[in-house]
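One structure is given below, encoded as structure tokens.
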Amino acid sequence: MRKKTVIPAIIAKTQKELDERLSKVLDFVDCVQLDIMDNHFVPNMSLFFDFTLPKTTCRFEAHLMIQNPEQWIENHWKKVDMILVHSESCTNPQQIISAVKKRGKKIGFVLNPKTPIQKLSSFLDEIDQVLIMTVNPGFYGSPFLPEMLEKVAELRDLKSDLDIEVDGGITDKTIGLVDKAGANMFVSGSYIVKSPNVQAAIDRLKKQLVR
């Protein structure tokens, strides 16, 4: 089984908001997800500007909830370690896989709740990660969709060595469910970032994971 990791998700509309939210979490995790939203692919805006990131040993992954992922990759690929592209916004997966890999970065694909795993089947062996949305994307605090547990389990059966990430409604009440279903990377937004004690929130999530 792959290493299990808890990852805070950051939504920010300004550089100041990004800096403030990163300062809350960087001391307690080794990976942060940056939620990039263009107010078209999802009805919200986040980090859709030329942001800067602090020097840190923490890894960053960009979750591209945008209509034109190719353009974002061209402009901002140097900032992050992993690029996660929604299959629903991607017209040429092979082109994106090639563009990201030739720059020495990792590439993953994201599935919205209604998108089947089969959409990735032709290139599943070429990518580093799959992110299964356990909410309809775009906002902090959306309700967890338990029917996505079956999709996680199906993907784990299909590819046992894949990094499978889940994102949406991940709290101390739901993380154990997706863990048992087969996920090994757990993205949590509001539960971590809006907690009065970020370290305690992360610790509560980790305690629910089966080691």
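Select from region 144-173 the residues that are at negative phi, part of a loop (DSSP other than H, G, I, E, B) and crowded, with 22+ Cβ neighbours inside 10 Å and list them in ascending order.
Answer for region 144-173, where residues must be at negative phi, part of a loop (DSSP other than H, G, I, E, B) and crowded, with 22+ Cβ neighbours inside 10 Å: just 170.
Among the numbered conditions (1) at pLDDT below 95; (2) of a type outside the set (Ser, Thr, Tyr); (3) farther than 30 Å from residue 199 by Cβ, the only one that residue 42 does not meet is (3). The one condition from (1) more than 13 Å from the chain's Cα centre (by Cα); (2) touching a residue at least 12 places away in the same chain (Cβ under 8 Å) that residue 165 does not meet is (1). Evaluation of residue 209 against the conditions (1) assigned to a loop (DSSP other than H, G, I, E, B); (2) crowded, with 18+ Cβ neighbours inside 10 Å; (3) touching a strand residue (DSSP E or B) at 6+ places or on another chain (Cβ under 9 Å) shows that the sole unmet condition is (2).
Here residue 98 fulfils each of the conditions (1) among the small types (Gly, Ala, Ser); (2) at pLDDT below 95; (3) surrounded by fewer than 16 Cβ atoms within 10 Å (Cβ to Cβ) apart from (2).
Mind listing whichever residues of region 70-93 are assigned to a helix (DSSP H, G or I) and closer than 19 Å to residue 131 by Cβ? Matches in region 70-93: 70, 72, 73, 76, 77, 79, 87, 88, 89, 93.
Out of everything in region 76-106 that is of a type in the set (Gly, Ala, Ser) and under 16 Å from the mean Cα position of the chain (by Cα), what residue ends up being farthest from residue 117 (Cα to Cα)?
Taking the candidates together, the pick is 89.
Filtering region 10-50 to residues that are among the small types (Gly, Ala, Ser) and surrounded by 14 or more Cβ atoms within 10 Å (Cβ to Cβ) leaves 12, 46. Cβ separations smaller than 7 Å between residues 6+ apart or across chains give the following pairs from region 186-208 residues that are closer than 16 Å to residue 3 by Cα to residues that are surrounded by 14 or more Cβ atoms within 10 Å (Cβ to Cβ) and small (Gly, Ala, Ser): 187/9; 205/188; 208/176. Filter region 126-139 for residues that are surrounded by 17 or more Cβ atoms within 10 Å (Cβ to Cβ) and either in a helix (DSSP H, G or I) or of a type outside the set (A, V, I, L, M, F, W, C) (or both) and give the result. Scanning region 126-139 gives 128, 129, 134, 137, 138.
Considering only residues that are of a type in the set (A, V, I, L, M), in a loop (DSSP other than H, G, I, E, B) and under 15 Å from the mean Cα position of the chain (by Cα), which ones fall in region 13-41?
Within region 13-41, 29 is the sole residue that qualifies.
Annotation: of all residues in region 174-206 being in contact with a helix residue (DSSP H, G or I) (Cβ under 7 Å, 6 or more places away or on another chain) and assigned to a strand (DSSP E or B), the one that is surrounded by the fewest Cβ atoms within 10 Å (Cβ to Cβ) is 186.
Based on what the data block shows, is residue 126 out of contact with any strand residue (DSSP E or B) (no Cβ under 6 Å at 6 or more places or on another chain), more than 19 Å from residue 90 (Cα to Cα) and among the acidic types (Asp, Glu)? Give the derivation first.
Numbers: out of contact with any strand residue (DSSP E or B) (no Cβ under 6 Å at 6 or more places or on another chain): yes; more than 19 Å from residue 90 (Cα to Cα): no; among the acidic types (Asp, Glu): yes.
So residue 126 does not fit the description; no.
The values are calculated or read from the model by the stated rules, or taken from the named source; none is laboratory data. Since the structure is predicted, the reported quantities are computational estimates derived from the model, not experimental observations. A quick note on method: Cβ atoms are made from the backbone with ideal geometry, for glycine too, and the neighbour counts reach across all protein chains shown.
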